[in-house]
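Chemist: After the structure tokens below, expect a handful of questions from me.
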Ligand code: EPU
């Protein structure tokens, strides 16, 4: 249980921050209460000061990127870190360096504009580069680690590390960065490609996504991981759950693995709908779905 009454240390309060920001403004899904303490460092040194101060005080904290893969179930009292680093890109030959605050889609777009191939898959994956590193974002059989040559992060103690990815550090929708570290940035190595072909591929991915996913409604992307060799969306669909609704939270009629917010969904309605879907898929298929989204409540992170 977090100690809510404890005042935050001066070392934290000296950093850029805002109070009581609603999660409806910080997440694409738009449910949850307020973020009591939102810290938005503009430099890596400020981010490091944040992590060091929290580590020194034994204070639990969280990191937030674009909020596009997150379901928040209430007010969050713990300090939340949302980096606001420079979004400038640095290119050297076929390698491009970006900060964690760069948009993932805009990075994909910038690579296409430069005639660099390898990040087309990311053209429809929202969120930040930091979020993509945090969980090794992917689509259409490709994922970030395929193009990653170096990544930069803070350890839980606030030490700055930059290194090449090693086996075991990145898997399907999981990375060692998400395990208590703070992504600061990355370097990707791409291939020189024909700009027209790259743009065509980007368009094709966008079109496929647009026809199969409910992108016009507030959503958090796919809610559950695909079990090995299976599609969670298909399992949910086959269990007859599309259109199942709890208040303003609904299993999308377009894609079973998208739970959408029709506007006024509460976190309670979302939690109830997720639990219902899991129970019914378990009953129908004997498969326990695991969340793909990150889930936060007021006291700690829920992982399953
Ligand atoms: N399907 C159904 N019914 C549905 C949904 C899907 O029958 O309601 C079938 C489709 O017809 C297709 C198969 O299931 O034959 C797979 O569907 P889809 O191509 O939509 O891919 P997915 O496995 O559901 C995964 C990723 C998506 C990513 C797409 C495209 C996960 C959990 N999902 O979805 O990622 O966009 O592939 O690469 O890995 C996300 O990470 O948030 C996400 C949405």
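Chemist: Can residue 121 be described as touching a strand residue (DSSP E or B) at 6+ places or on another chain (Cβ under 8 Å) and within 13 Å of the ligand (Cβ to nearest atom)?
Modeler: Spelling it out, residue 121 is indeed touching a strand residue (DSSP E or B) at 6+ places or on another chain (Cβ under 8 Å) and within 13 Å of the ligand (Cβ to nearest atom).
Chemist: Only one of (1) modelled with pLDDT of 95 or more; (2) under 21 Å from residue 103 (Cβ atoms); (3) surrounded by 21 or more Cβ atoms within 10 Å (Cβ to Cβ); (4) within 15 Å of the ligand (Cβ to nearest atom) fails for residue 185. Which number is that?
Modeler: Only one criterion in (1) modelled with pLDDT of 95 or more; (2) under 21 Å from residue 103 (Cβ atoms); (3) surrounded by 21 or more Cβ atoms within 10 Å (Cβ to Cβ); (4) within 15 Å of the ligand (Cβ to nearest atom) is unmet by residue 185, namely (4).
Chemist: Looking only at residues in segment 154-173 that are surrounded by 15 or more Cβ atoms within 10 Å (Cβ to Cβ) and within 16 Å of the ligand (Cβ to nearest atom), which one is farthest from residue 45 (Cα to Cα)?
Modeler: Checking each candidate, the answer is 173.
Chemist: Please give the strands (runs of 3 or more DSSP E) falling wholly within segment 32-141 in which 1 or more residues are surrounded by fewer than 21 Cβ atoms within 10 Å (Cβ to Cβ) and either in contact (Cβ under 8 Å) with a residue 24 or more places away in the chain or over 19 Å from the mean Cα position of the chain (by Cα) (or both).
Modeler: Those strands (runs of 3 or more DSSP E) span 34-39, 90-92, 95-99.
Chemist: In segment 91-118, what residues are out of contact with any strand residue (DSSP E or B) (no Cβ under 9 Å at 6 or more places or on another chain) and away from the ligand (no atom under 16 Å from the Cβ)?
Modeler: 106, 112, 113 - these are the residues of segment 91-118 that are out of contact with any strand residue (DSSP E or B) (no Cβ under 9 Å at 6 or more places or on another chain) and away from the ligand (no atom under 16 Å from the Cβ).
The values are calculated or read from the model by the stated rules, or taken from the named source; none is laboratory data. Keep in mind that this is a model prediction, so the values were computed, not measured. Cβ: placed from backbone, ideal geometry, glycine included. Neighbour counts: every protein chain shown.
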